[in-house]
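To keep things clear, I will list the structure first and then write my remarks on it.
Where a number appears in this text, it was derived from the coordinates with a stated rule and is not lab data. Quick caveat, the model's predicted, so the values are computed rather than measured. Heads up, the Cβs are rebuilt from the backbone with ideal geometry, glycines too, and the neighbour counts pull from every protein chain shown.
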Amino acid sequence: MKKQGAILRAVIMALGIFYFQDREKIMTSPLHFKRLCVVSFLIFSITLYFSDCIYAKPFTDDIGRNIEITKKPERIISLAPNITEILFFLQLGDKIAGVTDFCDYPEEAKLKPKVGWLISPSIEKIISLRPDIVFATAEGNRPDIVEELERMKINVYVMNPHSISDVLREIKVIGNITGQVDIALTGVNALTRRIDNIKKKTVAGSQKRVMYLVSIDPVISIGPGSFIHDMLTTAGGINVLSDSPIRYPRIDMEEIILKDPEVIIAPTDLIDSINVWKKRWGGISAITHGNVYPINPDIISRPGPRIVDGLEQIYEYIHGTAKFKNQISK
């Protein structure tokens, strides 16, 4: 639809230019040629006036809201770091009108106008930036923020990914909304090849019991239904909390000892805390064998293009191919 509309506008634009430049010649031409030129010029004028209709696209976001995009967005606001990363991945940096205070990747994101906190961005600031569309998240942004923007007649697309495939789908959807279809498809295909490479290698590899720590005080891990769980299992791990009824379960020390993870992966800033607790954690296989690894939380907790970087790193940790081991001090 997009390509057809672009071709149609180009053809009609050419006819319009031809009409204006050669109107004297047209007026002395045969009647049928005059009629053709007049009709073409009328179509040209009408098309320019209703050009947005050619782009009009209906979308349903991840929480079931119907959105009608009537023109290619030129001013975009991101209300989450992962969305900002997707927009830059799609080469839309010049169209980003605003981001949250937490949007820090890539470096260019730090230079964009700020709309406030992730959970409570400033409605006034968003409105002042005159966005054509706002991208938000179901888990990071409050529902009342989305509702208020709707009342202000601002298009809002809400994302809510729970798996690697959901993240890839979101990249393609945002590419479709913003007119970056080809770039999105090329990027997703490249990410998919890397994911498939990990899957092929895990078929022959031995699985290990893995626990990912979200926090340590209290101890919170991850369960099914989260994209981090999907990353662990895709990389060949067995999530020790795969039987959890919730996505981010709180877990006590006795249960951790019972689950006995062979690999523990934690955000970089938690490793020192685990060192402090090493005597208490000493009976766990991951501690005994030095299989406790740090990871940049941004590449595993932000559902954007960099989760494939996180997936590859998790694979290395689980299968012992990482360049370093034993992040617990002796």
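Longer than 30 Å from Cα to Cα, which of Lys199/Lys259; Lys172/Lys208; Lys71/Lys199; Lys201/Lys278; Lys110/Lys199; Lys95/Lys153 are they? Say none if no pair is.
On the way: Lys199/Lys259 25 Å; Lys172/Lys208 33 Å; Lys71/Lys199 39 Å; Lys201/Lys278 32 Å; Lys110/Lys199 35 Å; Lys95/Lys153 20 Å.
The pairs that break the limit, which is 30 Å between Cα atoms, are Lys172/Lys208; Lys71/Lys199; Lys201/Lys278; Lys110/Lys199.
When the Cα centres of region 120-191 and region 269-298 are compared, how far apart do they sit, in Å?
Comparing the Cα centres of region 120-191 and region 269-298, I get a distance of 36 Å.
Sorting check: for 290-298, 304-312, which peptide has the highest mean count of neighbouring beta carbons within 10 Å, and how do the rest follow?
Working: 290-298: 19.0, 304-312: 20.8.
So the order, starting with the most tightly packed, is 304-312, 290-298.
If the cut-off is 13 Å between C-alpha atoms, which aspartates and glutamates fall inside it for Lys200, apart from same-chain ones fewer than 8 positions away?
Qualifying aspartates and glutamates at Cα under 13 Å: Glu312.
For the peptides 242-252, 156-166, what is the packing order when you average, over each peptide's residues, the other Cβ atoms within 10 Å and list the highest mean first? If you can, show how the numbers build up before the last one.
Numbers: 242-252: 14.0, 156-166: 19.5.
Most protected by this proxy first, the peptides run 156-166, 242-252.
Once you sort the root eigenvalues of the Cα gyration tensor of region 57-184 as a ≥ b ≥ c, which label holds: rounded (a/c under 1.5), prolate (a/b larger than b/c) or oblate (the other case)?
On the way: a/c = 1.24, a/b = 1.07, b/c = 1.16.
Because its axes are fairly even, with a/c under 1.5, region 57-184 counts as rounded.
Among DSSP beta bridges lying fully in region 205-318, give the percent that are antiparallel, nearest 5.
On the way: 3 of 13 bridges.
Around 25 percent of the beta bridges assigned by DSSP in region 205-318 are antiparallel ones.
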